[in-house]
Amino acid sequence: MRNQNTIQRPVKVEGIGLHTGAPSCMWLEPAPVDHGILFHHGETGTVIPAQVDHAQELSFATRIGLGESAISTVEHLLSALRGLNIDNVFIHLEGGEVPIVDGSAEPFVELIEDAGIREQERPVMTLRLTRPIEVHDGEKWIRAEPSDGLEVDYRISFDNPLVGFQRYVGCISPESYRKEIAPARTFGFLKDVKYLKSQGLARGGSLSNCVVVDDHRVISGELRFPDEFVRHKVLDLIGDLALLEYPIQASVTAHKAGHALHAALVRAILANPESWELVGDRSQAVLTVPRALDMEMPAVMGF
Ligand SMILES: [Zn+2]
């Protein structure tokens, strides 16, 4: 069992929000053991824990909010933090949306590595699944099964000859995350980008922070991997699983899933406490995420 980690020193990144199109500035600061990942909303002073009961509007991005304060597009940053095993960090944000930077998690990985990773004196608690949990939404589904580490089997299928069916299977470690997952950028289809812009969304979207696909070609330049699309879905999944509060030991299989289904899986896990156990230094452990029994979610099947 590894110890908890934080960063060595504060670091800062500036950019624009993908959806607001407005400037945004973010500082990551070291935090003590058992602190977790907390966002500080610069304009209102509200502190928002990165937990699923604060998650909102999950169709195209993950937003967390408390009261009138909300922070959008947290998933790529959370993915980098979880991917590199950073457990405790204080995130101060001005602008209401995490900068989109290049649309991947690689700039956040570089930011964390620039800050340095500091091992702390207490072991990390992990949430170990003991029984499978599955969530469906029509033909889309996601299933988590017991496993010693975090394994992912992700499949996507789009009615587009360039994307088509893609599948990524792998064990997630900081090394594999850095190399295989973090560089994969967010993507969109040209027709959807036009629609989102007409709805006042994706205002900050451009060919420099999003892989844009027309019917038969990528119009935003070279892909970083032939299967960059499915790798980005894995990146998003790891970020959304960070809303569980503790790292999860499970084998997760996802079929045509997205943010809403990722969050539904997190809620289903929390709503079925007989399906998992916390592993580690129990004397220190308190699961502070409220049970999400009354949350709306697609049909849940635990078996
Ligand atoms: Zn994404």
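No lab work stands behind these numbers, since they all come straight from the coordinates. These figures come from a predicted structure and were not determined experimentally. Cβ coordinates were reconstructed from backbone atoms using ideal geometry, including for glycine residues, and neighbour counts include every protein chain displayed.
Computed values, structure above
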read-out: Full-stretch length increase - H216, E175 - with 0.36 nm per residue and alpha-carbon distance subtracted; value: 11.4 nm
read-out: Footprinting exposure proxy for E94, E245, E68 (fewest neighbouring C-beta atoms within 10 Å first); value: E68, E94, E245
read-out: Shape category assigned to the range 84-213 from the gyration tensor of Cα positions, a/c cut at 1.5; value: oblate
read-out: Average Cα contact separation per residue, the range 3-123, under 8 Å, 6 or more apart, as relative contact order %; value: 41 percent
read-out: Helix-only CD estimate at 222 nm, as mean residue ellipticity for the chain, using -39500 (n - 2.57) per DSSP H run (n ≥ 4); value: -5500 deg cm²/dmol
read-out: Net charge dipole size for the range 94-164 [Lys, Arg +1 and Asp, Glu -1 on Cβ; Debye, nearest 20]; value: 460 debye
read-out: Theoretical gain in end-to-end length, F158 to D227 [0.36 nm per residue, Cα-Cα removed]; value: 23.6 nm
read-out: Relative contact order (%) - criterion: Cα under 8 Å, at least six apart; region: the chain; value: 25 percent
read-out: Restraint check, K197/K256; K12/K256; K194/K256, Cα-Cα greater than 27 Å; value: K12/K256
read-out: Förster-model FRET efficiency, 45 Å R0, S208 and S147, C-beta, rounded to 0.05; value: 0.75
read-out: Average Cα contact separation per residue, the range 126-302, under 8 Å, 6 or more apart, as relative contact order %; value: 38 percent
read-out: Three-way shape call for the range 3-123 based on the alpha-carbon gyration tensor, with the a/c threshold at 1.5; value: prolate
read-out: Anisotropy class of the range 126-302 from Cα gyration tensor, a/c 1.5 cut; value: prolate
read-out: Total formal charge among the other residues, if their Cβ is under 15 angstrom from that of S251, Lys/Arg +1 and Asp/Glu -1; value: 0
read-out: FRET efficiency estimate (nearest 0.05) - Cβ-Cβ, D192 to E139, R0 22 angstrom; value: 0.70
read-out: Packing-based order for 69-75, 165-171, 19-25, using average beta carbon neighbours within 10 Å, highest first; value: 69-75, 19-25, 165-171
read-out: Chain lengthening between E274 and R2 when straightened (0.36 nm per residue, less Cα-Cα); value: 95.5 nm
read-out: Positive-end residue of L81, V124, P30, charge dipole of the chain with Cβ unit charges; value: L81
read-out: Only Lys, Arg (+1) and Asp, Glu (-1) charged, at Cβ; the range 126-302 dipole about Cα centre in debye; value: 460 debye
